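Quick notes on the structure that follows.
The values are calculated or read from the model by the stated rules, or taken from the named source; none is laboratory data. Everything numeric in this text was worked out from a predicted model, so none of it was measured. Every residue, glycine as well, gets a Cβ built from its backbone with ideal geometry; the counts of neighbours run over all protein chains shown. These area figures cover heavy atoms from the full protein model, side chains too; ligands, DNA and RNA do not enter into them. Shrake-Rupley method; radii C 1.70, N 1.55, O 1.52, S 1.80 Å.
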Amino acid sequence: MSLTVERLKEVLHYDLNTGLFIWLKSTNNKILIGSVAGGLDEKGYLRIKIDGKKYRAHRLAWFYVTGVWPIEIDHKDLNKSNNKFNNLREATRSQNASNGKVRKHNRSGVRGVSQRGNRFYVEIMSNKKRYRIGVYNTLEEAKEAYNKAAVKYHGEFSYTWYAQAELKDGVVVKVK
């Protein structure tokens with residue numbers, strides 16, 4: 001059986017403002033009606049088991065509100081467990097990947113910046129294409145160059161853009 005919006009709303013209530021799901025109906029003997037649904041998985045996403053199948057809560061939230069099963073959902077603030085509806089947005093795989101933190105193997109500490117000798121090299125990926133931004137003498141210059149390129153190539157999906165945005169109740173009102 002494939003999950004329907006009707007079935008989802010029969011067993012869970014979703015609060016758009018808190019991002020939490022609350023059990024309305026027990027689907028097994030471990031569920032307490034009125035309790036918060038789900039638990040964190042190994043990647044930090046909240047998962048909820050309905051009728052024997054596990055779902056990521058951010059995908060359920062989108063489905064609950066829009067009635068459409070999403071292909072890809074991005075958490076604007078990068079917090080994988082913040083499932084408030086105004087923190088979620090549909091995205092392509094490329095857009096979702098552009099809104100991410102610095103990778104663990106990155107030794108410069110700045111996304112898109114690598115160091116060779118005393119120089120800092122800046123590159124950015126967009127739609128499967130690599131752009132070489134430049135070579136800089138300081139990490140600060142390289143970081144600034146990457147941030148400008150991120151806004152240019154990724155727009156609102158750039159974590160840099162979101163981090164510079166002024167928010168009101170989790171909604172972007174202007175970019176600084």
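Structure data summary
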| item | result |
| --- | --- |
| Counted residues, the stretch 93-115 - those being assigned to a loop (DSSP other than H, G, I, E, B), closer than 22 Å to Asn79 by Cβ and either touching a residue at least 60 places away in the same chain (Cβ under 8 Å) or open to solvent by less than 70 Å² (accessible area, probe 1.4 Å) (or both) | 8 |
| Count of residues meeting criterion [open to solvent by 60 Å² or more (accessible area, probe 1.4 Å) and either among the acidic types (Asp, Glu) or assigned to a helix (DSSP H, G or I) (or both)] in the stretch 9-64 | 4 |
| Any hit, the stretch 84-95, residues being modelled with pLDDT of 85 or more, of a type in the set (Ser, Thr, Tyr) and within 14 Å of the chain's Cα centre (by Cα) | no |
| Of residues in the stretch 116-148 being surrounded by 16 or more Cβ atoms within 10 Å (Cβ to Cβ) and part of a strand (DSSP E or B), the one farthest from the chain's Cα centre (by Cα) | Tyr136 |
| Residue match in the stretch 60-78 (condition: without any contact (Cβ under 8 Å) to a residue 24 or more places away in the chain, over 20 Å from Glu10 (Cβ atoms) and among the acidic types (Asp, Glu)) | no |
| Filter result (closer than 11 Å to Arg56 by Cβ and either touching a residue at least 60 places away in the same chain (Cβ under 8 Å) or hydroxyl-bearing (Ser, Thr, Tyr) (or both)) within the stretch 79-88 | Ser81, Asn83 |
| Filter pass, Asn83 being part of a loop (DSSP other than H, G, I, E, B) and surrounded by 17 or more Cβ atoms within 10 Å (Cβ to Cβ) | yes |
